[in-house]
1. Quick check: from the Cα gyration tensor, does region 61-100 come out rounded (a/c under 1.5), prolate or oblate?
2. Over the Cα atoms of the chain, each weighted equally, I'd like the Debye log10 I(q)/I(0) at q = 0.11, 0.17, 0.18 Å⁻¹, rounded to two decimals.
3. Okay, helix-only estimate at 222 nm for the chain: each DSSP H run of n ≥ 4 adds -39500 (n - 2.57), divide by all residues, round to 500 deg cm²/dmol; what do you get?
4. Given the options 55, 43, 30, state which has the largest fluctuation in a GNM of the chain using a 10 Å cut-off (strictly under) for Cα springs.
5. Which of 16, 34, 70 moves most in a GNM of the chain, Cα contacts under 10 Å?
6. Rank 49, 20, 64 by mean-square fluctuation in a GNM of the chain with C-alpha springs under 10 angstrom and give only the top-ranked residue.
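Where a number appears in this text, it was derived from the coordinates with a stated rule and is not lab data. Since the structure is predicted, the reported quantities are computational estimates derived from the model, not experimental observations.
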Amino acid sequence: MNIDDPAVELNLKELSSTLAAATDPQLIEDFLRSLLTPSETADIAARWALVKALDNKVPQREIAKELGLSLCKITRGSRELKKPDSPFRKMLHITDQLKS
């Protein structure tokens, strides 16, 4: 499937709705581990760690060293986090609420 294939949008919307409706975190984790390769799982986990580190004001070079990510990916994450109504910021807020 190519990135511009309309099926990408359809399937992403369906997957997002399904994950949002799921109430069992263990089921979601098991599903993601089944859906993704170990390398993809590690990449997604590193990207989430990147977002949290940026939010905690960790310097980009330190993030690159700790997570083994390129400065390009870190800069992209930083730009996304700074956008008005950032989905990253909204997800961080949900994470904070879950910790409370």
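1. It comes out oblate by the Cα gyration axes.
2. -0.42, -1.02, -1.12
3. It lands at -24500 deg cm²/dmol.
4. Comparing 55, 43, 30 in a Gaussian network model of the chain, the most mobile one is 30.
5. 16
6. 20
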